[in-house]
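Okay, so here's the structure we're looking at.
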Amino acid sequence: MNNLENTYLSVAVFGLFLIAIGDPSAAEYSGQQLNQETCPQPKGRVDCTLDLLAGTASRGCYTPPLSVLSEPFDSNGDGWSEACIKVNLKPKPGYNRKNGILVTTKYQGTPSGWSFNVGDSLTNNGWGGDASTQSNDSEAQMLNDTLTVFANDNGPSNVVSQVSFPWLTNTKVCYEIRNQLISWSQSGSNLKGFSSTPNPTQMLFALAGQNDLEGPINYDVFICGNRVVDGGYFTSRLGKGLRRIQIQLVR
């Protein structure tokens, strides 16, 4: 087992095919800690809905701890809006529960390009890294039909895990994002998995007030559809085909 395999746990399941890599001490990050089934319908209140075909954001997207980083806008005239949401997961005083978010993405047609990007840094822009804005700069991208999870600056390697989806046309992909954990699953299939990096490696999303060697401590995570984060500014790294994003705070 190489050094990278010793520092994270990554599990992917498709049908009866199972891959498990990592230190058994990371078992605390296994399924019992995940809230999602195989991409179920959102249960309870949906805090924010982006419709990237209609170009709209629900009122909840503007309500703290959520805010709109980039308004829905079709910047390249392909008929699909792009948008980004910022979520501040700093816990309330005296509130010790581990915060996180559930994200449900719905595709219409066959997507291409960067249809989904979630980043720990304001300047994540696909392929890992953020031009030294934060050392805690883990991100995940759905580029065409491949989901890739990238480590932050603590990682001995850039890529933590990578999953190719046999199809995304007219399906949903669901994510759970917490401190040092991201999980994913797809509707209509048995494809699901997760990646986590427990102490002391801390290679994934730093959402518990960890020190940062390049920027300020924060609890922020950025969710983008049909584009990468890239500060919410104009970017050439765009995608299409992602119709809807629904965000739920894990309470």
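Here are the numbers for the structure shown:
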item	result
Extension gain, Thr169 back to Arg251 (0.36 nm per residue minus Cα-Cα distance, nm)	26.4 nm
Residue order, fewest to most beta carbons within 10 Å, for Leu204, Leu143	Leu143, Leu204
Relative exposure of Cys174, Cys224, judged by other C-beta atoms within 10 Å (fewest first)	Cys174, Cys224
Segment Glu71-Ser132, length gained on full extension (0.36 nm per residue, minus Cα span)	19.4 nm
In Hz, Karplus ³J(HN,Hα) per residue of region 224-241 (6.51, -1.76, 1.60; θ = phi - 60°; x = Gly, Pro)	10, x, 6, 5, 9, 5, 6, x, x, 8, 4, 9, 8, 8, 10, x, 8, x
Residues Gln41 and Val159, FRET efficiency given R0 of 41 Å [Cβ-Cβ distance, rounded to 0.05]	0.85
Cβ-defined net charge surrounding Gly55, 9 Å radius [Lys, Arg +1; Asp, Glu -1]	-3
Whole-Hz couplings from phi, Karplus 6.51/-1.76/1.60, listed for region 207-221; x for Gly and Pro	10, 10, x, 5, 4, 10, 7, 10, x, x, 5, 8, 10, 8, 9
Lysines whose Cα lies under 26 Å from that of Lys90, excluding same-chain neighbours fewer than 8 positions away	Lys43, Lys98
By average C-beta atoms within 10 angstrom, highest first, the peptides 244-250, 80-86, 164-170	80-86, 244-250, 164-170
Kirkwood hydrodynamic radius of region 35-124, Cα pairs, Å	15.0
Region 142-184: relative contact order as a whole-number percent, Cα under 8 Å and 6+ apart	29
Sequence-distant residues sharing a close amide H with Gly215 (under 5 Å, placed H)	Ser135
For Tyr219, Tyr62, order by how many other beta-carbon atoms lie within 10 Å, fewest first	Tyr62, Tyr219
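Read the figures in this text as sums done on the coordinates, not as results from a lab. Quick caveat, the model's predicted, so the values are computed rather than measured. Backbone-built Cβ (ideal geometry, glycine too); neighbour counts: all protein chains shown.
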